[in-house]
Amino acid sequence: MPEYVSESCAGSPVSRGAPGSLILGIETSCDETAAAVVADGRAVWASQVASSAALQSRYGGVVPELAARQHVRALPLVVAAALDQAGVGPGALTAVAVTQGPGLLGSLLLGLTAAKALALAWGKPLWGVNHLEAHLHANAATAPIQFPNLALLVSGGHTGLFWWDGPGRLRRLAETRDDAAGEAFDKGARLLGLEYPGGPAVERVAAAAVRPWPSLPVARMGDGTLDFSFSGLKSALQRAVAAEPVLAAGDQARWAAALQEAVAAQIADRLTRAWATAPVPHVYAAGGVMANRALRARLEAWAAERGVALHVPPVALCTDNAAMVALAAAAHGPAAAIGLEASPRIPWELASGADPAR
Ligand code: KG4
Ligand code: ZN
């Protein structure tokens, strides 16, 4: 059976009136199968996530075929569980929203096919969502998003910095030249003998580290751009631990702390330089890596020093989930109706619901 992590509702049942909109979100872009119900573009009535990470862990990363098979098994269960948690039937929904891309093609197709079938059977409109933008929209679960703002996305597949002018309007300032921030954690964890996914494992082990720990390099681009580069961390770590066939627990903790700190330092460096060019009052961060408490604390301190309002979703809405998909769809509204093709390589710039073929 798929392993379930059930996240709690954000909206209290007492405050529930009849919502203006009630969107079922579906997310299957990688190894999480998720469904959620969101009312009025802000209240998360239900969020269910079935992850195949424990299974993938045996292979040291995501095996697309395995992920796809798990989606087939988990999709009907998470959708039923989300409706049950929200306490609503399909008739109460105003739309079904689904991740269109980017992601693994097989995984995306399964989510899309399920969403199409449900929308058709229930007679509801179907809206497509860009997964990258959806991560940022997870912030709407806490408070309405203030535009324009500076936005940071740090996930397992992507790392980028944007001026975010409104739903679907992202102007890219920087992206990674090589590994994404989450990949730095995943690859680093493997070098340290830790399991997949690496981020939570590194965070857990780093908690036992005692200062001083080593420092790993913080890359800057020679061409002066704000682009990120994390692949040097993997090489530096590889050199550092190569001599030791099995790391002592203390060393594992020290290097995990060093890795976590170097990733956070690079992100803080890019934020500092981007913000200095236009000191906007609001900064939004999102993506699986923002679940990291050391990174959250570092960016909170960064924001406090500058009097900036930093917005980060609750930890459960940082990693892949479907509440963010429904929240993004609600922000776009009916204009997000789509041609319904999976778009594994849909770029940042394409708004949720835009037709990538155009
Ligand atoms: O956003 P996400 O769930 O999926 C993608 O869209 O890629 O991000 C997954 C990434 C993985 O690389 C994972 O190791 C990382 O987020 N991650 C973390 C933590 N939890 C997940 N990285 C650092 N610390 C964490 N606590
Ligand atoms: Zn994601």
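The values are calculated or read from the model by the stated rules, or taken from the named source; none is laboratory data. Predicted model only: the values in this text are computed from it and were never measured. Positions of Cβ are generated from backbone atoms using ideal geometry, with glycine treated the same way; all protein chains shown enter the neighbour counts.
At a glance:
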read-out	value
Exclusive hit being within 16 Å of ligand 1 (Cβ to nearest atom), of a type outside the set (V, I, T), more than 21 Å from V308 (Cα to Cα) and touching a Ser or Thr at 6+ places or on another chain (Cβ under 7 Å), set E183, E133	E133
Residue in the range 284-291 that is within 12 Å of ligand 1 (Cβ to nearest atom), within 22 Å of T142 (Cα to Cα) and touching a Lys or Arg at 6+ places or on another chain (Cβ under 7 Å) present	yes
Restricting the range 135-147 to residues that are under 20 Å from A268 (Cα atoms) and touching a Phe, Trp or Tyr at 6+ places or on another chain (Cβ under 7 Å), the residue that is surrounded by the most Cβ atoms within 10 Å (Cβ to Cβ)	L136
Qualifying residue in the range 131-150 (condition: of a type in the set (S, T, Y) and in contact with a helix residue (DSSP H, G or I) (Cβ under 6 Å, 6 or more places away or on another chain))	no
Criterion (crowded, with 19+ Cβ neighbours inside 10 Å and either within 28 Å of A184 (Cβ to Cβ) or at pLDDT below 95 (or both)) met by exactly one of A35, A67	A67
For L136: the one exception among (1) among the hydrophobic types (A, V, I, L, M, F, W, C); (2) under 14 Å from A285 (Cβ atoms); (3) away from ligand 2 (no atom under 14 Å from the Cβ)	(3)
Odd one out for I145 among (1) more than 16 Å from ligand 2 (Cβ to nearest atom); (2) modelled with pLDDT of 95 or more; (3) part of a helix (DSSP H, G or I)	(3)
